[in-house]
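As structure tokens, the structure follows; a few thoughts come after it.
The values are calculated or read from the model by the stated rules, or taken from the named source; none is laboratory data. Everything numeric here is computed off the predicted structure, so don't read it as measured data. In this analysis, Cβ positions are derived from the backbone assuming ideal geometry, glycine residues included, and neighbour counts consider all displayed protein chains. Surface areas here come from the heavy atoms of the whole protein model, side chains and all, with no ligands, DNA or RNA. Shrake-Rupley method; radii C 1.70, N 1.55, O 1.52, S 1.80 Å.
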Amino acid sequence: MTEEERKDMAELFASLKEVGKACEPYDIKTIRKNTVNTLSKRFYQEHFIMSAVLESFFVKNEISFKELNETIVNYIPKEFTWNISVAQINLIISKMIRLGLVEPIETDNKYAPNFKITDDGVKAYQAHTFQSLATSSFFNYQTYRMSILMMIVTIISVLVAILSIIVTIYVTNK
């Protein structure tokens, strides 16, 4: 190998290393098996709970963690009580804190802070942002379920039609 060929080879290897570095962010290991059904349901539940959190500030601007939980549990559909965990609800509340919609206020009990609605939270509540998102997510979730049912009915109808044609041909030929 000549010196020039060695240089070219080194440049080629350097380029390949750069390609490898460029691909690193795309080396993603999937944790969940998300389906349309699970995503639609999750978005519906999340937006509904977010609207319940904002709804809990209807009467006053600062509430206890217990009041927040009571409002959520009494506001959400009863099926949520069995389908969504306390950890998921706390994660949604944390998300709302991160988005700047509510603020935690420390109390003597570090496990039970009070919460205050922020100006952005009031604006989202006034605009019915999360209520609209919950309604839209619910519609998408129900539409998906209905489309699956309609697909099943269509397949059964086609099978019945084919069967009736076969029976008609069989009876006519006898």
- Flag if Val59 is assigned to a loop (DSSP other than H, G, I, E, B) and not acidic (Asp, Glu): yes
- Identify the single condition in (1) within 23 Å of the chain's Cα centre (by Cα); (2) in contact (Cβ under 8 Å) with a residue 24 or more places away in the chain that Asn74 does not satisfy, given that it satisfies every other one. (2)
- Extreme residue, farthest from Tyr144 (Cα to Cα), among residues of the stretch 26-42 that are open to solvent by less than 90 Å² (accessible area, probe 1.4 Å) and in a helix (DSSP H, G or I): Arg42
- Message: Quick check on my filter: what residues within the stretch 74-94 are among the β-branched types (Val, Ile, Thr) and either modelled with pLDDT of 90 or more or open to solvent by 80 Å² or more (accessible area, probe 1.4 Å) (or both)?
- Response: Val86, Ile89, Ile92, Ile93
- Message: Take Thr135 and tell me if it is of a type in the set (Val, Ile, Thr), over 28 Å from Lys41 (Cβ atoms) and at pLDDT below 95.
- Response: no
- Note on the structure: Among residues of the stretch 36-62 being aliphatic (A, V, I, L, M) and either closer than 17 Å to Lys78 by Cα or out of contact with any Phe, Trp or Tyr (no Cβ under 6 Å at 6 or more places or on another chain) (or both), the residue modelled with the lowest pLDDT is Leu39
- Note on the structure: Inside the stretch 87-119, the number of residues satisfying the requirement of being assigned to a strand (DSSP E or B) and either of a type outside the set (A, V, I, L, M, F, W, C) or closer than 16 Å to Ser51 by Cα (or both) is 7
